[in-house]
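Notes follow once the structure below has been shown.
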Amino acid sequence: SFLIIGRVIVGIAIGLASSAVPVYLGETAPPDIRGRVLGCFNGFVVFGQILAGVVDGAFFYLNDGWRYMLGFGAVFSTLQFIGLLFLPKSPRWLFSKGFEREARE
């Protein structure tokens, strides 16, 4: 039952991230490369799905292989969270907090 609850939470998080990340990238990327940045994002999402399938296939035949599958997901999620701490604020967020000069730069 914990795995089912965890899958629901992860599913909601993936849905939120898949709608929020392109908006953030669109706000922070320079206009001349905005399309390339969003295209690379989509490419990396597909690459991640392929990599997850390969990892799952590698551990499918092991006894308790599902534990390794979940563990690899936790490793990449932790790396993503650490990277999140170093992201710059978006211009929209800066403007809403009263930092208009920084938002225009």
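Computed from the C-beta positions of Leu85 and Ser1, the FRET efficiency with R₀ = 30 Å rounds to 0.40.
Here the 3J(HN,Hα) profile of region 38-54, calculated from phi with Karplus coefficients 6.51, -1.76 and 1.60 at θ = phi - 60°, is 5, x, 5, 4, 4, x, 5, 5, 5, 4, x, 5, 5, 4, 5, x, 5 Hz, Gly and Pro shown as x. What you get for the chain, charging only the Cβ of Lys and Arg (+1) and of Asp and Glu (-1), is a dipole of about 200 debye around the Cα centre. Here the sum of -39500 (n - 2.57) over DSSP H runs of 4 or more residues, divided by the residues of the chain, equals -27000 deg cm²/dmol at 222 nm, to the nearest 500. Taking label points 7 Å from Cα along the Cα-to-Cβ direction, Thr78 and Ile12 give a separation of 2.5 nm. Shape annotation for region 1-89: C-alpha extents along the principal axes are 50, 24, 21 Å, from largest to smallest.
Roll a 1.4 angstrom probe over the protein heavy atoms and tell me the percent of accessible area of the chain that is carbon or sulfur. Looking at the chain in its full context, I get 71 percent from C and S. In terms of its C-alpha gyration tensor, region 10-59 comes out oblate, because a/c is 1.5 or above while a/b does not outweigh b/c. Between Leu70 and Leu51, the simple spin-label model (points 7 angstrom out along Cα→Cβ) gives 2.2 nm.
Using the heavy atoms of the protein chains alone and a 1.4 angstrom probe, what is the accessible area of the chain per residue in square angstrom? Spell out each step's value before the answer.
Values: 8700 Å² over 105 residues.
Normalised by residue count, the accessible surface of the chain is 83 Å².
Between Lys97 and Thr28, the modelled labels are 1.3 nm apart [label points 7 Å from Cα along Cα→Cβ]. Once the convex hull of all Cα atoms in region 39-105 is built, its volume per residue stands at 97 Å³.
The values are calculated or read from the model by the stated rules, or taken from the named source; none is laboratory data. Note that the coordinates shown come from a computational prediction; the quantities given were computed from them, not determined experimentally. Cβ coordinates were reconstructed from backbone atoms using ideal geometry, including for glycine residues, and neighbour counts include every protein chain displayed. Note: areas computed on protein heavy atoms with side chains; ligands, DNA, RNA excluded. Shrake-Rupley method; radii C 1.70, N 1.55, O 1.52, S 1.80 Å.
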